[in-house]
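Engineer: Take this structure, written in structure tokens, and hold onto it; I'll ask about it next.
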Amino acid sequence: MQSWHGLGDVPEDWGRSVVTIGVFDGVHLGHQQMVARAVGMARDLGLPAVVVTFDPHPDEVVRPGPHTPRLTTPRRRTELLVSLGVEAVCVLPFTLEFSRMSPDEFVQTALVDRLHAAGVVVGENFRFGHKASGDVETLRTLGEKYDFAAVGVPLVSNGEAISSTLIRERLDTGDVAGAAVMLGRPHRVEGVVVRGAQRGRALGFPTANVESPPDTAIPADGVYAGWLQCLQAPSPYEGERWPAAISIGTNPTFDGVERTVEAYALDRDDLDLYGAHVAVDFAERLRDTLRFDSIEALIEQMHGDVARAREVTA
């Protein structure tokens with residue numbers, strides 16, 4: 001697999017290919033069908049399949065303000081796309097200058113001159129070019145001009161529309177199970193384990209306090225069942241994955257003010273993950289975040305949460 005950051009990384013001798021284009025945040029089931037269509041077309045033509053995506057998210061450039069929460073990190077997005085069978089992923093830096101390209105300029109610069117597209121697969125609602133002036137029909141017309149076939153794919157699964165926006169809405173309500181249905185896998189939050197107040201250890205449930213990038217799509221406050229995985233660390237735990245009880249919120253019992261994501265690896269009180277890059281995968285919401293009248297009541301509830309998390313992840 002080849003990974004290119006910008007068109008300048010594309011090899012000079014790169015031949016014809018089938019290209020699929022999109023932001024692909026989440027690489028949800030609709031995206032997966034798009035990529036599968038491109039991979040199938042490429043196989044039929046005996047050509048490689050290439051994904052073209054963007055970083056940062058185009059909305060961050062053309063609509064300055066609060067950033068859209070990301071469902072996947074750029075690294076995770078590439079990892080998921082590669083797992084779908086593409087030969088290369090080309091990440092285009094999305095700049096204000098880039099956003100001002102006309103549809104024809106974008107097609108000629110990105111798809112024709114560098115990637116020599118024989119086929120282009122996009123979502124039915126795909127828009128491109130300055131002020132989103134191009135659509136699938138525009139792409140088909142340009143395909144006739146530049147000798148490539150353009151295909152628009154509906155982003156649906158089992159007859160229902162799927163979008164990154166709908167998935168974010170599910171996460172905002174804590175419906176991680178519903179989000180997982182559209183993603184085709186559990187939603188993941190990645191980050192580095194940092195030192196917190198260490199209350200969990202004192203209560204008998206030592207947690208990994210996960211500090212994620214500020215634009216991460218984090219589910220609503222509550223307690224969840226899922227998994228904690230060590231992705232990278234200078235420790236023997238790298239690659240290990242444990243069932244977990246996960247808490248998101250401000251710890252109201254202790255009058256906390258900072259929102260945190262904390263994961264307790266079930267039955268493990270020996271883990272030292274400080275500084276490790278970890279992933280938290282969400283399976284099911286167990287309950288709301290609550291304020292307890294006593295530490296004893298909190299501990300009793302935590303035992304119940306752990307028992308339920310064990311059942312969910314078994």
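Rule-based calculations on the coordinates, nothing more; no lab input. Predicted, not measured: the structure shown is a model, and the values here were computed from it. Don't worry about glycine lacking a Cβ; one is built from the backbone with ideal geometry, like all the others, and counts go over all protein chains shown.
Engineer: Quick one: order 167, 295, 218 by neighbouring beta-carbon count within 10 Å, fewest to most.
Structural biologist: On the way: 167 23, 295 13, 218 19.
Lowest count first: 295, 218, 167.
Engineer: Which of the three applies to the stretch 66-139, rounded, prolate or oblate, going by the alpha-carbon gyration tensor with a ≥ b ≥ c and a/c under 1.5 meaning rounded?
Structural biologist: Working: a/c = 1.71, a/b = 1.22, b/c = 1.40.
The shape class here is oblate.
Engineer: Would you mind calculating the gained length between residue 290 and residue 311 on full extension (0.36 nm times residue separation, minus the Cα-Cα distance), in nm to one decimal?
Structural biologist: Values: separation 21, 0.36 × 21 = 7.56 nm, distance 2.15 nm.
The span from residue 290 to residue 311 would gain 5.4 nm if fully extended.
Engineer: So, one more: With all pairs of different alpha carbon atoms counted, what Kirkwood hydrodynamic radius in Å does the chain show?
Structural biologist: Details: mean 1/r = 0.0472 Å⁻¹.
Final number for the Kirkwood radius of the chain is 21.2 Å.
Engineer: To make sure I understand, if each residue's beta carbon is the centre and we count other beta carbons within 10 Å, what order do 116, 67 fall in, fewest to most? Write down the numbers at each step before the final one.
Structural biologist: Numbers: 116 18, 67 13.
Fewest-to-most Cβ neighbours within 10 Å comes out as 67, 116.
Engineer: Once you have the alpha carbon radius of gyration of the stretch 2-161, what is it after dividing by 2.2 N^0.38 Å, with N set to its residue count?
Structural biologist: Details: Rg = 14.6 Å, N = 160, 2.2 N^0.38 = 15.1 Å.
Taking N as the residue count of the stretch 2-161, the ratio is 0.96.
Engineer: Residues with amide H under 5 Å of residue 187's amide H, sequence separation 5 or more or different chain, H placed in the peptide plane at 1.01 Å from N; which?
Structural biologist: Long-range HN contacts for residue 187: 180, 282.
Engineer: Label points 7 Å out from Cα along the Cβ direction at residue 75 and residue 137: separation in nm?
Structural biologist: 4.4 nm
Engineer: If you don't mind, another one. Let me check against my output: what whole-number percent is the relative contact order of the stretch 2-161, with C-alpha pairs under 8 Å and at least 6 apart?
Structural biologist: Once normalised by length, the contact order is 31 percent.
Engineer: Given a Förster radius of 51 Å and the C-beta distance between residue 108 and residue 235 as r, what FRET efficiency does 1/(1 + (r/R0)^6) yield to the nearest 0.05?
Structural biologist: Details: r = 49 Å, r/R0 = 0.97.
The computed FRET efficiency comes out at 0.55.
Engineer: Below 15 angstrom from the Cβ of residue 139, what's the summed charge of the other residues (Lys, Arg +1; Asp, Glu -1)?
Structural biologist: Net charge in that neighbourhood comes out at -3.
Engineer: Taking amide H positions as placed in the peptide plane 1.01 Å from N, state which residues far from residue 266 in sequence (5 or more) or on other chains have amide H under 5 Å from it.
Structural biologist: For residue 266, whose amide H was placed from the backbone, the distant partners under 5 Å are 244, 245.
Engineer: Please work out the C-alpha center-to-center distance from the stretch 2-75 to the stretch 142-158 and express it in whole Å.
Structural biologist: 14 Å
Engineer: At 0.36 nm per residue, minus the direct Cα-Cα distance, what do residue 87 and residue 185 gain on full extension? Give it in nm, one decimal, please.
Structural biologist: Details: separation 98, 0.36 × 98 = 35.28 nm, distance 2.25 nm.
Stretched fully, the residue 87-residue 185 segment lengthens by 33.0 nm.
Engineer: With n ≥ 4 as the cut-off for DSSP H runs, can you work out [θ] at 222 nm for the chain, using -39500 (n - 2.57) per run divided by the number of residues, rounded to the nearest 500?
Structural biologist: On the way: 10 runs with 92 residues, N = 314.
Helix-only estimate at 222 nm: -8500 deg cm²/dmol.
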